[in-house]
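Report on one structure; see the data block that follows.
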Amino acid sequence: MGVIPTSSRIPVGKRADNDDLGKVLKEIADLIGMDNIKTELNQLIALGRVIALRRERDIPMEKVSLHLIFTGPPGTGKTIMARKIGSLFKAIGLLRKGHCIEVDRSKLVGAHLGAAGQLVREAVKDALDGVLFIDEAYALAGGTGDLASSDLFGNEAIQTLLKMMEDYRDRLVVIAAGYPGPMRRFLENNPGLRSRFTRELQFHSYEYEVLIAIFRFMTQEGKYLLDAEGEREAEKYIRSLDHKREDFGNARDIRTFFERILPIQAYRIAETPGFETMSNEELLTITADDIRTASGG
């Protein structure tokens, strides 16, 4: 796994909080997979810290867009990383709050003309001094990324967003996320969008080994134990998943599978006579049978 150093080599501005920065860098480094994203973040962190330092010293500089495009299939960590970037930019003094407001078309496009503009303005107001994360952003253009002239509400939302991004470029980072193809069309069909989103981070589908590692992490995080046969059964199930299907959810599917196991494991325990006297190890163990039942095997 690629590692972002917890002690930065980048000069520190007076506003930077090294303790907070070290904490969030470690959180990102501990995320499973996303090696290419971690590498690109080093450059983004460097840029952000230099901008923050120049602002602090009132040194003029050309306008630099920090708005980002995240492309990739579902379940690959886009939302998690958007939250981390907010925390990163707060730690280096670029954003005052660093919170992340998460929206999609349903929260930005109204049912009549004028409503979309108001909804976008409200979302931006909530996100000021932090991050506005727009999931499946191409849906603002009707779902495929092609800006249909007939989609007046979507166009209204986009035009309002463009103006707000420019008006508040020093207080707002917008991250637009979605599948690569529709996102590419979404940007190409509107020069205003392309000029504001100048950096793209590509989130790739996880390999089976990473998905297995994510499953192990979930069990450990929940203080559960896997016996040897259970671990083999979990690996067998994860390798059986159709990794190439269009709607494959990556880590999201693994989370769903893990959460499907828990009530099955609990039912097995609760149906065991005298389960109240079980040892902690017995109470926390997920067995191969639990996993087979959850996987339909």
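The values are calculated or read from the model by the stated rules, or taken from the named source; none is laboratory data. From a predicted model like this one, the values you see are computed outputs, not experimental measurements. Backbone-built Cβ (ideal geometry, glycine too); neighbour counts: all protein chains shown. Calculation scope for accessible area: heavy atoms of the full protein, side chains included, ligands and nucleic acids excluded. Shrake-Rupley method; radii C 1.70, N 1.55, O 1.52, S 1.80 Å.
For first residues located in the stretch 181-200 and farther than 23 Å from I85 by Cα, partners that are modelled with pLDDT under 90 and among the hydroxyl-bearing types (S, T, Y) and lie 6+ apart or on another chain with Cβ distances below 7 Å form the pairs P182/T144; R185/T144.
When we screen V64, V3, V50, V12 for residues that are open to solvent by 40 Å² or more (accessible area, probe 1.4 Å), modelled with pLDDT under 90 and closer than 26 Å to A213 by Cα, the only hit is V3. Only residues that are touching a residue at least 60 places away in the same chain (Cβ under 8 Å) and assigned to a helix (DSSP H, G or I) were counted in the stretch 68-101, giving 12. Applying a threshold of 9 Å to beta carbon distances and a minimum spacing of six or more residues, or different chains, the list of pairs starting in the stretch 33-59 at a residue that is among the basic types (K, R) and ending at one that is modelled with pLDDT of 90 or more and not in a loop (DSSP other than H, G, I, E, B) reads K38/I28; K38/A29. Given the criteria modelled with pLDDT of 90 or more and either surrounded by fewer than 18 Cβ atoms within 10 Å (Cβ to Cβ) or over 22 Å from the mean Cα position of the chain (by Cα) (or both), does P191 qualify? No, not satisfied. Apart from one condition, A266 fits all of (1) over 28 Å from E136 (Cβ atoms); (2) modelled with pLDDT under 95; the exception is (2). Checked against the criterion of being out of contact with any Asp or Glu (no Cβ under 6 Å at 6 or more places or on another chain) and in a strand (DSSP E or B), the stretch 253-262 has no qualifying residue. Residues considered: L201, L193. Of these, the only one that is among the aliphatic types (A, V, I, L, M) and in a strand (DSSP E or B) is L201.
Considered as a group, the residues in the stretch 250-275 that are over 20 Å from R232 (Cα atoms) and touching a residue at least 12 places away in the same chain (Cβ under 8 Å) include one that is surrounded by the most Cβ atoms within 10 Å (Cβ to Cβ), and that residue is I269.
In the condition set (1) open to solvent by less than 20 Å² (accessible area, probe 1.4 Å); (2) free of Cβ contacts under 8 Å to residues at least 40 places away in the same chain, V124 is compliant with all but (2). Checking each residue in the stretch 269-290 for being part of a helix (DSSP H, G or I) and either in contact with a strand residue (DSSP E or B) (Cβ under 7 Å, 6 or more places away or on another chain) or within 23 Å of F257 (Cβ to Cβ) (or both) picks out I269, A270, E281, E282, L283, L284, A288, D289, D290. The set of residues from the stretch 276-294 being among the polar types (S, T, N, Q), touching a residue at least 12 places away in the same chain (Cβ under 8 Å) and open to solvent by 40 Å² or more (accessible area, probe 1.4 Å) comprises just one member, T293.
When the stretch 20-44 is filtered for residues that are within 20 Å of I175 (Cα to Cα) and open to solvent by 10 Å² or more (accessible area, probe 1.4 Å), the ones remaining, listed by number, are E27, L31, M34, D35, N36, T39, E40, N42, Q43.
Just one residue in the set L241, L226, L201 is surrounded by 15 or more Cβ atoms within 10 Å (Cβ to Cβ), at pLDDT below 95, of a type in the set (A, V, I, L, M) and within 30 Å of F133 (Cβ to Cβ); that residue is L241. When the criteria are applied in full, R169 fails the requirement of being open to solvent by 50 Å² or more (accessible area, probe 1.4 Å) and either more than 29 Å from G117 (Cβ to Cβ) or assigned to a helix (DSSP H, G or I) (or both).
For the stretch 214-230, name all the residues that are part of a helix (DSSP H, G or I), charged (D, E, K, R) and under 14 Å from D289 (Cβ atoms). Answer for the stretch 214-230, where residues must be part of a helix (DSSP H, G or I), charged (D, E, K, R) and under 14 Å from D289 (Cβ atoms): just E229.
Please tell me if G117 is small (G, A, S) and at positive phi. Judged against the criteria, G117 is not a match.
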